[in-house]
Amino acid sequence: MIYQAREGMEFKAKEAYLSKEIVEKYERTFFSVKGRVTDLLEKKLIDKALRLSGLPSGACILDLPCGTGRLSLFLAQKGYKVVGGDISQEMVRRSAENAAKRNFTGNAGFRVVDAQNTGFPDAFFDAVISFRFFGYAPPSIRKQILSEMRRVTKKYVFICYYHKGAFKEILMRRKRKTKKIPWYPVKIHEAENEFTEAGLKKLKHFCLIRGVSESLLLVGQK
């Protein structure tokens, strides 16, 4: 099944990572030299956002989607209480396995969560973080998700968009088109407008590698 946004755009991400084989393939991407460098740079980006927000150790963070728990465990290691949520049961299972291997079962938990309707109470988390997701979600879906994230956070959101016009985005356009991968990059002002429409105030944005990488992290608050 392929979910359709109101504009008729495809939202394949909601069903793309359901199988065990795809989960294993996704996890392996971070075992390569390129994957390890990307992992390191993304974690440095998160550190910048955390310093900007001043979020104290022990704060409760929702990592959505959590994938195989890579960033959830990074946050848990820094002393945060983390809930990793993902629409894929297989991703959640792998995250829990990885947490158990690293003895993070006390401050990192994982559960199946739909980003459009998480089921958590209002202001349940101190912050919500989302990486490797918004580039696959059509604008109307992103707005729904942002509104839901605003509802469940007490204050902060850390959202990684994909920057339209960055070198890698331009480089990958033809490949994604050929493989029919739905992709929805944005300009910075478009991401800022989505924040405003969701009732969020943008504090700052960070680029993974300015002008080169697609990753564009926006830090916002209620």
| query | Quick one: which of L62, L52 is at pLDDT 95 or above, surrounded by 16 or more Cβ atoms within 10 Å (Cβ to Cβ) and either under 30 Å from S140 (Cβ atoms) or in contact with a Gly (Cβ under 8 Å, 6 or more places away or on another chain) (or both)? | reply | L62
| query | Filtering segment 25-53 down to residues that are β-branched (V, I, T) and touching a Phe, Trp or Tyr at 6+ places or on another chain (Cβ under 8 Å), which residue is nearest to S215 (Cα to Cα)? | reply | T38
| query | Out of all the residues in segment 134-152, which are in contact (Cβ under 8 Å) with a residue 60 or more places away in the chain and within 13 Å of P185 (Cβ to Cβ)? | reply | G135, Y136, A137, P138, P139
| field | Only one of D126, D114, D122 that is within 30 Å of M172 (Cα to Cα), at pLDDT 95 or above and acidic (D, E) | value | D114
| task | Check segment 179-187 and report whether any residue there is more than 15 Å from L50 (Cα to Cα), among the aliphatic types (A, V, I, L, M), modelled with pLDDT of 95 or more and out of contact with any Leu (no Cβ under 7 Å at 6 or more places or on another chain). | result | yes
| task | Filter segment 101-141 for residues that are touching a strand residue (DSSP E or B) at 6+ places or on another chain (Cβ under 8 Å) and of a type in the set (S, T, N, Q) and give the result. | result | N107, T118, S130
| Which of the residues spanning segment 113-166 are closer than 23 Å to L40 by Cβ and among the basic types (K, R)? | R132
| Condition check for F167: among the hydrophobic types (A, V, I, L, M, F, W, C) and within 24 Å of Y26 (Cβ to Cβ) | yes
| message | For segment 204-214, which positions are touching a residue at least 60 places away in the same chain (Cβ under 8 Å) and either of a type in the set (A, V, I, L, M) or touching a His at 6+ places or on another chain (Cβ under 7 Å) (or both)? | response | L208, I209, E214
| note | Of the residues in segment 118-170, those that are of a type in the set (G, A, S) and either buried (at least 17 other Cβ atoms within 10 Å of the Cβ) or not in a helix (DSSP H, G or I) (or both) come to G119, A123, A127, S130, G135, A137, G165, A166
| note | Within segment 153-164, the residues that are among the hydroxyl-bearing types (S, T, Y) and closer than 19 Å to H189 by Cβ are Y161, Y162
| said: Can you tell me how many residues within segment 191-222 are within 16 Å of A137 (Cα to Cα), part of a helix (DSSP H, G or I) and either touching a Pro at 6+ places or on another chain (Cβ under 8 Å) or of a type in the set (S, T, Y) (or both)? | reply: 1
| task | Mind listing just one residue for me: the one in segment 72-117 that is surrounded by fewer than 22 Cβ atoms within 10 Å (Cβ to Cβ) and among the aromatic types (F, W, Y) and, of those, farthest from L50 (Cα to Cα)? | result | F104
| query | In segment 165-203, how many residues are over 17 Å from the mean Cα position of the chain (by Cα) and touching a residue at least 60 places away in the same chain (Cβ under 8 Å)? | reply | 2
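The values are calculated or read from the model by the stated rules, or taken from the named source; none is laboratory data. None of these values were measured; they are calculated from a predicted model. Note: ideal-geometry Cβ built from the backbone for every residue, glycine included; neighbour counts use all protein chains shown.
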